[in-house]
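Visitor: Pasting a structure here, questions to come.
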Amino acid sequence: MTQDLNLARLAGRALMVDIAGEVLTPAEAAFLQEQHIRAICLFRRNVASADGTRRLVADLKAALGDDLLIGIDQEGGAVMRTLFLPAAPSAMALGASGDELLAYQVGAAIARGLASLGVNWNYAPVLDLNNNPRNPVIAERSFGADPQRAARLAGAWMAGHLAEGVATCVKHFPGHGDTHTDSHLALPIVDKSRSAIEEYELSPFHALIRQTPGLMSAHIVFPAFDEERPATLSPAILQTLLRDNWDYQGVTITDGMNMKAIRERWGQARGSVMALAAGADLSLVLQFPDEMAAAGTALREAVATGELSQARLAQADQRVNAMIQRYPAVQRGYSAEQEAADRALFALAWRRALTLVGTAPRPPLGGRVRLVLQADAPSDGVSEPGLSAEALTKRLAPLYQLDVRTFRRREELEWAELPQDGVFTIIATTTRARYDEAQRRQWRPDLHLALWNPYAAADLACPALVSYGFVEPALDAVVGWLKGEWEATGSLPAPLDDIHS
């Protein structure tokens with residue numbers, strides 16, 4: 001292999017990219033081959049069915065070779081790209097039960113489903129901590145607020161997952177919990193002392209760093225470590241802290257470089273050079289094929305100018321090779337009996353997560369109930385779409401005589417205009433967004449079903465039932481509680497602000 005070809009190959013293998021749909025087109029295969037890509041990130045648009053996903057992975061291997069890295073976000077809860085696999089509980093749901101054995105079993109079951117597709121890398125678990133109730137993107141994706149407890153649960157989840165042969169990827173290093181800003185939209189800053197960050201945000205990462213084969217960086221500036229560059233681009237964080245001080249030898253991947261925090265400031269191509277130079281092993285370049293190609297070119301040019309060494313690219317390639325050899329993209333069997341057992345396990349986990357905030361009454365079965373909720377709950381860009389009013393209405397209609405009141409935006413609903421007739425009123429929160437001050441003052445439901453962001457339970461002056469998710473088994477758990485079939489035994493794994501009883 002000539003030197004130029006070897007450099008082009010190393011540059012392409014330092015990128016992880018996505019593809020457009022459920023089928024690998026000939027044009028896409030040719031592009032990936034030309035760019036020497038061997039790492040693919042899957043999204044929901046790629047995984048419509050089990051058989052289709054298996055065919056896609058097989059086609060990718062046929063085009064790119066067996067040493068393939070297939071990654072996916074399969075955290076559980078609202079970040080679960082597949083609809084056909086069992087719907088796993090969110091991390092905070094597991095935090096509410098506090099059961100490490102259950103966390104191990106859930107991690108293993110998620111990995112079994114992925115292994116059946118040939119996916120060999122899961123961007124999970126989340127090690128961010130719930131120390132900011134106003135965080136717009138973490139919430140139920142975290143195991144909780146206490147770093148030691150979160151590390152124990154995440155470590156158990158990870159051990160189960162790895163035991164089933166699928167690599168993990170802890171995120172978002174060094175911690176995305178204490179932000180008010182979504183890095184998909186802007187560049188967050190966590191301006192705290194180094195000692196405070198080490199004692200809190202970094203604690204679960206440090207506890208589990210030798211257990212995980214992969215780690216994802218955060219597009220967040222931590223001035224205590226680097227005043228100018230976000231962690232994804234910071235040698236002080238990715239090299240000095242992670243590699244030199246902690247001696248981490250696994251694979252480090254960036255968060256999506258198409259996120260505005262990076263793309264609008266540096267661009268995906270320039271950002272890839274900076275990330276690899278800082279110590280990352282893979283740059284996650286998404287959405288725009290021309291920028292994928294530009295990123296490969298930029299890496300080669302950076303070697304030519306001396307900004308980046310070819311040895312650094314070779315080191316990154318070796319780390320990825322080692323992970324693929326340990327966790328190959330091999331499709332494994334997943335029997336109907338095992339899948340049914342995993343669904344039952346997840347249903348149990350969702351049921352055990354149910355948490356009461358205040359003394360929550362159950363409306364009488366068969367009685368009149370007014371259900372107030374948003375008509376649709378679109379994706380927030382991180383998670384999958386939430387629960388539609390139509391879907392929840394279908395679940396509750398067999399229980400009550402429903403009067404359903406929907407709104408497109410919360411500010412459209414005037415609480416005083418609802419009939420003041422004494423009918424038991426349920427608010428269902430089906431989006432991640434918190435309630436504002438006007439809604440806190442005016443809305444007075446009898447019961448709040450907090451079906452997504454648990455912190456929403458703190459916003460309205462009424463009792464709440466928190467489910468930590470809105471997928472079918474989570475709704476089964478909620479319906480069972482409403483029918484009196486079981487009690488809510490979960491405990492909040494993080495304090496809510498302004499709790500009302």
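Visitor: Of all residues in segment 429-461, which are in contact with a helix residue (DSSP H, G or I) (Cβ under 8 Å, 6 or more places away or on another chain) and closer than 16 Å to Thr355 by Cβ?
Guide: Selection gives Thr429, His448, Leu449, Ala450, Leu451, Trp452, Asn453, Pro454, Tyr455, Asp459, Leu460.
Visitor: Related question: Scan segment 361-382 and tell me whether some residue there is of a type outside the set (Gly, Ala, Ser), touching a Lys or Arg at 6+ places or on another chain (Cβ under 6 Å), surrounded by 15 or more Cβ atoms within 10 Å (Cβ to Cβ) and at pLDDT 95 or above. So that I can check it myself, show each step before the final result.
Guide: So the first thing to find is which residues in segment 361-382 are of a type outside the set (Gly, Ala, Ser), and the list is 361-365, 368-374, 376, 378, 380, 382.
Checking the rest, the ones that are also touching a Lys or Arg at 6+ places or on another chain (Cβ under 6 Å) come to 372, 380.
Then keep just the ones that are surrounded by 15 or more Cβ atoms within 10 Å (Cβ to Cβ); that gives 372, 380.
Within this subset, residues satisfying the condition of being at pLDDT 95 or above are 372.
The answer is yes; a qualifying residue exists.
Visitor: Next question, about the same structure. Inside segment 410-436, can you point out the residues that are of a type in the set (Gly, Ala, Ser) and within 26 Å of the chain's Cα centre (by Cα)?
Guide: Ala428, Ala433
Visitor: Any chance you could count how many residues in segment 355-375 are touching a helix residue (DSSP H, G or I) at 6+ places or on another chain (Cβ under 7 Å) and in a loop (DSSP other than H, G, I, E, B)?
Guide: Total meeting the criteria: 2.
Visitor: Test Phe205 against the stated conditions and say whether it is surrounded by 24 or more Cβ atoms within 10 Å (Cβ to Cβ) and either among the aromatic types (Phe, Trp, Tyr) or in contact (Cβ under 8 Å) with a residue 60 or more places away in the chain (or both).
Guide: yes
Visitor: Could you tell me which numbered condition Gln211 fails, if it satisfies all but one of (1) part of a helix (DSSP H, G or I); (2) surrounded by fewer than 18 Cβ atoms within 10 Å (Cβ to Cβ); (3) not hydrophobic (A, V, I, L, M, F, W, C)?
Guide: The number of the failed condition is (1).
Visitor: Kindly indicate whether Asp403 is acidic (Asp, Glu), at pLDDT below 95 and farther than 30 Å from Ala62 by Cα. Write out each step before concluding.
Guide: Values: acidic (Asp, Glu): yes; at pLDDT below 95: no; farther than 30 Å from Ala62 by Cα: yes.
So Asp403 does not fit the description; no.
Visitor: What number goes with the only condition from (1) more than 25 Å from Asn321 (Cα to Cα); (2) touching a strand residue (DSSP E or B) at 6+ places or on another chain (Cβ under 7 Å) that Ala78 does not pass?
Guide: (2)
Visitor: So which residues in segment 88-112 are more than 22 Å from Val251 (Cβ to Cβ), of a type in the set (Gly, Ala, Ser) and buried (at least 21 other Cβ atoms within 10 Å of the Cβ), if there are any at all?
Guide: Scanning segment 88-112 gives Ala88, Ser90, Ala93, Gly95, Ala96, Ser97, Ala103, Ala109.
The rows are residues; the columns are (1) within 23 Å of Leu475 (Cα to Cα); (2) touching a residue at least 12 places away in the same chain (Cβ under 8 Å); (3) not charged (D, E, K, R).
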| site | (1), (2), (3) |
| --- | --- |
| Leu399 | yes, yes, yes |
| Leu413 | no, yes, yes |
| Ala416 | no, yes, yes |
| Arg440 | no, yes, no |
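Visitor: While we're looking at this one, here's another question. Residues that are crowded, with 21+ Cβ neighbours inside 10 Å: list the strands (runs of 3 or more DSSP E) wholly contained in segment 393-501 that include at least 3 such residues. Step through it out loud before you land on a result.
Guide: On the way: elements: 401-407, 424-429, 447-450, 464-466.
Correct list: 424-429, 447-450, 464-466.
Visitor: Then there is this: Looking at (1) in a loop (DSSP other than H, G, I, E, B); (2) at negative phi; (3) surrounded by fewer than 18 Cβ atoms within 10 Å (Cβ to Cβ), which is the one condition that is false for Thr297?
Guide: The failed condition is (1).
Visitor: A follow-up question, please. Any chance you could count how many residues in segment 191-224 are farther than 30 Å from Asn321 by Cα and in contact with a helix residue (DSSP H, G or I) (Cβ under 7 Å, 6 or more places away or on another chain)?
Guide: 3
Visitor: Here is a further query. What's the number of the condition Asn131 fails, among (1) modelled with pLDDT of 95 or more; (2) touching a Gly at 6+ places or on another chain (Cβ under 6 Å)?
Guide: (1)
Visitor: Please work out which residue is farthest from the chain's Cα centre (by Cα), limiting yourself to segment 193-202 and to residues that are in a helix (DSSP H, G or I) and surrounded by 17 or more Cβ atoms within 10 Å (Cβ to Cβ).
Guide: In this case the residue turns out to be Ile197.
Visitor: Anything in segment 376-392 that is out of contact with any strand residue (DSSP E or B) (no Cβ under 8 Å at 6 or more places or on another chain) and in a helix (DSSP H, G or I)? List them, or say none.
Guide: Residues satisfying the conditions are Glu390, Ala391.
Visitor: Please enumerate the residues belonging to segment 291-321 that are free of Cβ contacts under 8 Å to residues at least 60 places away in the same chain and either of a type in the set (A, V, I, L, M) or closer than 22 Å to Ala58 by Cα (or both).
Guide: Selection gives Ala294, Ala298, Ala302, Ala304, Leu308, Ala311.
Visitor: Next question, about the same structure. What do you reckon, is Met292 in the same structural domain as Val137 (by TED's automatic domain parsing), in a loop (DSSP other than H, G, I, E, B), touching a strand residue (DSSP E or B) at 6+ places or on another chain (Cβ under 8 Å) and not charged (D, E, K, R)?
Guide: Details: in the same structural domain as Val137 (by TED's automatic domain parsing): yes; in a loop (DSSP other than H, G, I, E, B): no; touching a strand residue (DSSP E or B) at 6+ places or on another chain (Cβ under 8 Å): yes; not charged (D, E, K, R): yes.
Spelling it out, it is not the case that Met292 is in the same structural domain as Val137 (by TED's automatic domain parsing), in a loop (DSSP other than H, G, I, E, B), touching a strand residue (DSSP E or B) at 6+ places or on another chain (Cβ under 8 Å) and not charged (D, E, K, R).
Condition check ((1) assigned to a loop (DSSP other than H, G, I, E, B); (2) surrounded by fewer than 24 Cβ atoms within 10 Å (Cβ to Cβ); (3) at pLDDT 95 or above; (4) within 14 Å of the chain's Cα centre (by Cα)) across all residues:
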position	(1), (2), (3), (4)
Pro136	yes, yes, no, yes
Gly155	no, yes, yes, no
Asp182	yes, yes, no, yes
Asp191	yes, yes, no, no
Pro223	yes, yes, yes, no
Asp226	yes, yes, yes, no
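The values are calculated or read from the model by the stated rules, or taken from the named source; none is laboratory data. Keep in mind it's a predicted model, so treat the numbers as computed, not measured. Positions of Cβ are backbone-derived with ideal geometry, glycine not excepted, and every protein chain shown enters the neighbour counts.
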